[in-house]
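Below you'll find the structure, written out as structure tokens, and then a few comments.
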Amino acid sequence: METVDDLKQFDLQLFQPRNGYRYSLDPLLLARFCPELGPGGRCMDLGAGCGIISLVLARLNRSASVVAVENNPEMAALTERNIRHNLLMDWVSVYAGDVAGLRRSYPVSTFDLIVSNPPFRKAGTGKISPKAGRDSARHETTAGLADFLAAAKYLVKPSGRICFIHLPSRLSEFMALAADMKLSVLRLRMIHTNAESPATMFMVELAKGRHSTPVVEAPLFVRDMAGEYTNGVALFR
């Protein structure tokens with residue numbers, strides 16, 4: 001069973017499983033967080049799911065190309081359908097496979113932007129969902145955070161950027177891995193439900209082969225204290 005959901009802000013319609021893994025606000029915020037791609041720019045989306053980030057980035061960067069990487073065969077096929085449904089075949093393609101295999105398929109330093117909304121939780125942690133497909137999207141199975149970061153470093157150009165979204169509970173682990181891989185943090189932004197809540201997610205922009213002083217951006221509040229979406233977030237609803 002599937003639904004077809006409208007993203008009018010980006011002139012997109014997406015097929016999603018009715019009861020499996022469904023995208024949330026996170027990938028939309030990450031797509032907006034990413035730097036703009038210039039003419040002929042190349043982007044890779046690691047862990048694409050139904051293709052939400054890839055399709056939004058294709059709309060935001062009309063002269064760029066995007067490769068959506070998805071290990072789950074059913075979700076990879078769904079991404080293909082969403083690409084065709086939105087007539088983005090000339091801009092977005094699918095790599096149906098694990099991030100560990102990307103080195104065999106692409107030369108080093110190929111892409112201008114690597115973006116990832118990876119599985120957030122380590123295997124065996126957190127609640128188990130009774131709905132098919134959700135746990136494989138939420139939990140690291142064939143590849144962990146280190147594998148995603150290593151693939152991103154290999155694939156991005158020295159002049160390019162890497163953008164991730166992840167849980168604050170894994171921020172120290174993320175930063176330690178990035179430092180070990182000599183990836184410099186350029187920007188960091190925390191996402192909060194409202195002005196009084198702790199951060200629920202963080203977004204980070206990285207680069208390889210350069211030193212930089214990190215910029216910690218103003219926090220992003222999803223809702224105001226009355227419970228309404230803030231102006232920047234309301235555009236996605």
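No lab work stands behind these numbers, since they all come straight from the coordinates. All figures in this text were calculated on a predicted structure; none of them were measured in a lab. Quick reminder, even Gly has a Cβ in these numbers, built from the backbone with ideal geometry, and neighbours come from all protein chains shown.
From the residues in the range 185-200 that are under 16 Å from the mean Cα position of the chain (by Cα) and under 14 Å from Leu29 (Cα atoms), which one is surrounded by the most Cβ atoms within 10 Å (Cβ to Cβ)? Steps first, answer last, please.
Looking only at the range 185-200, we keep the residues that are under 16 Å from the mean Cα position of the chain (by Cα), and these are 187-191, 200.
Among the residues that remain, those that are also under 14 Å from Leu29 (Cα atoms) are: 188-191, 200.
Working: Leu188: 16, Arg189: 19, Met190: 19, Ile191: 22, Thr200: 13.
The qualifying residue surrounded by the most Cβ atoms within 10 Å (Cβ to Cβ) is Ile191.
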Hits in the range 197-230 (condition: under 22 Å from Lys153 (Cα atoms) and small (Gly, Ala, Ser)): Ala207, Gly209, Ser212
Residues of the range 182-213 satisfying the condition of being in a loop (DSSP other than H, G, I, E, B) and within 27 Å of Val108 (Cα to Cα): Lys182, Gly209, Arg210, His211, Ser212, Thr213
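Could you name every one of the helices (runs of 4 or more DSSP H) located completely within the range 1-114 that has at least 3 residues being of a type outside the set (D, E, K, R), touching a Phe, Trp or Tyr at 6+ places or on another chain (Cβ under 6 Å) and surrounded by 21 or more Cβ atoms within 10 Å (Cβ to Cβ)?
Numbers: elements: 26-33, 52-60, 73-85.
Filter on the range 1-114 gives 52-60.
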